[in-house]
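Here, each number is a calculation from the coordinates, and none is a lab measurement. Keep in mind the model is a prediction, meaning the values are calculated, not measured. Cβ atoms come from the backbone with ideal geometry, glycine included; neighbour counts cover every protein chain shown.
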Amino acid sequence: MYFNANNIIKKRIRFGLSHDANQLNIAYGIDKNFFLGCAVSITSILLANPNLDFSFHIFTNYINDDLELKLEQLADKYNTNITIYLVDDNSLSHLPTTKNWTIATYFRFIVADYFYEKMDKILYLDADIICKGSLQELVTLKFDDNIAYVVTEKDLIWWSKCATRLNEHKLSSGYFNAGFLLIDLNKWKEFSVNSKALALLSDSNLSENFTHLDQDVLNIILLEKVKYLDRKYNQQVSINYELKYKSSVNGYSPILDETILIHYIGPTKPWHKWARDYKCSQYFLEAKSASPWESTPLLSAITATQMRYCAKHKLHQKKFFCSIFYYFKYFLYKIKIQKNFTFNRKIR
């Protein structure tokens, strides 16, 4: 074991009262940038499941007074339980990261380690998931000999590519998205999933093939030890696909009536200002309006990638001056980054 989760948790902050033993425990692992998404995700689950009992667990390396106040308001409003676990992530700092996957992506390992012997199972969700249906089925699912319930990602072509990239031909029969993991905590521990995953991620010779980091590793380790649920529990939606359609008529509409969990993948999220006018974003916006974050502004573009996509979406929305403005900001930002890079190379 590369870490002991109990030693990594610096502080626990609890809001609301504990409920009965039949509750569904749901965990998130986030950094500062995903707090709004996480809060609205929790709100959406509570709105769609008024008759179910939940306990929410947020593992994060960031918290402030305003967030604590709003989480307390959320717990009180919906009579639920929310606990913050402030993480010291130094013990994970040696693991690989990218601009899309920060150190917070590994918090799911802390979740599994921390709750072992405290409960039998837990549902791990990415913070960019919104609920629009009942989770009742997940309360009573039996694991049998499986370690986790998961949902496949994309299609057979993608599975085949992953199998080739990761040198594991069996993955051509199924590759799952790690944004939804219903975990049998006892089996996860017995199979030493955390130790195996962190060992693979720490091996630089192997990790260079991991484009999806912990997701790739979990697919390798849990091969033939997972059971697949219907895609309605992890319906992936890329808001950037909206750029492919000239209008919303007969356009991008992956969200079906039977969809239960909507997973907003990709760099554009429904909490970004340039995404608010799309039909697929409305599920997020409706839940946000029913949360203590109702008056919190949607986020503006602050990174180069966000500026570029903001400009593209504004052009697509025929907001031409706004598009030009963000393209201009994007190019200035890139020039600044290049100058800093060149300067740093010279002083070395």
#### Entry: Relative contact order %, the chain, counting alpha carbon pairs below 8 Å whose residues are six or more apart
17
### For the range 198-206, Karplus couplings with θ = phi - 60° (6.51, -1.76, 1.60), whole Hz, Gly/Pro x
5, 5, 5, 5, 7, 8, 5, 5, 8
### Summary
Simple spin-label estimate for LYS225/SER253, 7 Å along Cα→Cβ, in nm, reads 4.2
## Note on the structure
Summing +1 per Lys or Arg and -1 per Asp or Glu among the other residues with Cβ less than 12 Å from PHE284's Cβ gives +3
### Message
As an exercise, use a Förster radius of 35 Å and the Cβ-Cβ distance of ARG165 and SER134 to find the FRET efficiency, rounded to the nearest 0.05.
### Response
0.45
### Message
Under the rule a/c < 1.5 gives rounded, and otherwise a/b versus b/c splits prolate from oblate, where does the chain land using the Cα gyration tensor?
### Response
rounded
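What length, rounded to one decimal in nm, is gained on full extension from PHE191 through to LEU141, with 0.36 nm per residue of separation minus their alpha-carbon distance?
Gain in length upon complete extension: 16.0 nm.
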### Message
With θ taken as phi - 60° and the coefficients 6.51, -1.76 and 1.60, list the Karplus ³J(HN,Hα) couplings across the range 304-317 in order, rounded to whole Hz; mark glycine and proline as x.
### Response
4, 4, 5, 4, 5, 6, 4, 4, 5, 5, 5, 5, 4, 7
### Task
Evaluate E = 1/(1 + (r/R0)^6) for LYS154 and SER93, where r is the Cβ-Cβ distance and R0 equals 45 Å; express this FRET efficiency to the nearest 0.05.
0.90
### Task
If a/c stays under 1.5 just call it rounded; otherwise compare a/b with b/c (prolate if a/b is bigger, oblate if not). Do that for the range 161-210, with a ≥ b ≥ c from the square roots of the Cα gyration tensor eigenvalues.
oblate
### Query
Under a 5 Å amide H to amide H cut-off, with H placed in plane at 1.01 Å, what residues pair with VAL87 once short-range neighbours are removed?
LYS10, THR60, ASN61, TYR62
### Set LYS142/LYS187; LYS170/LYS196; LYS32/LYS132; LYS279/LYS334; LYS196/LYS225 screened for pairs whose C-alpha atoms are more than 23 Å apart
LYS32/LYS132; LYS279/LYS334
### Message
Given points 7 Å out from each Cα along the Cα-Cβ axis, report the ILE335 to ASN64 separation in nanometres with one decimal.
### Response
3.1
### For the range 143-157, 3J(HN,Hα) per residue [Karplus equation, 6.51 cos²θ - 1.76 cosθ + 1.60, θ = phi - 60°, Hz, x = Gly/Pro]
7, 6, 9, 8, 8, 8, 9, 9, 10, 5, 10, 6, 9, 4, 4
### Task
Work out, step by step, the length gained on full extension between LYS118 and GLN317: first 0.36 nm times the residue separation, then minus their alpha carbon distance; give nm to one decimal.
66.7 nm
### Query
How many nm separate the modelled label positions at ASN6 and GLN282, each set 7 Å beyond the Cα in the direction of the Cβ?
5.0
### Summary
Rounded to 0.05, the calculated FRET efficiency for the beta carbons of SER202 and LEU299 at R₀ = 51 Å is 0.95
### Summary
Any residue on another chain or 5+ positions along whose placed amide H is under 5 Å from the amide H of LYS227 is listed here as ALA148, TYR149, VAL150
### Query
Shape of the range 7-56 from its Cα gyration tensor (a ≥ b ≥ c, root eigenvalues): rounded if a/c is under 1.5, otherwise prolate when a/b > b/c, or oblate?
oblate
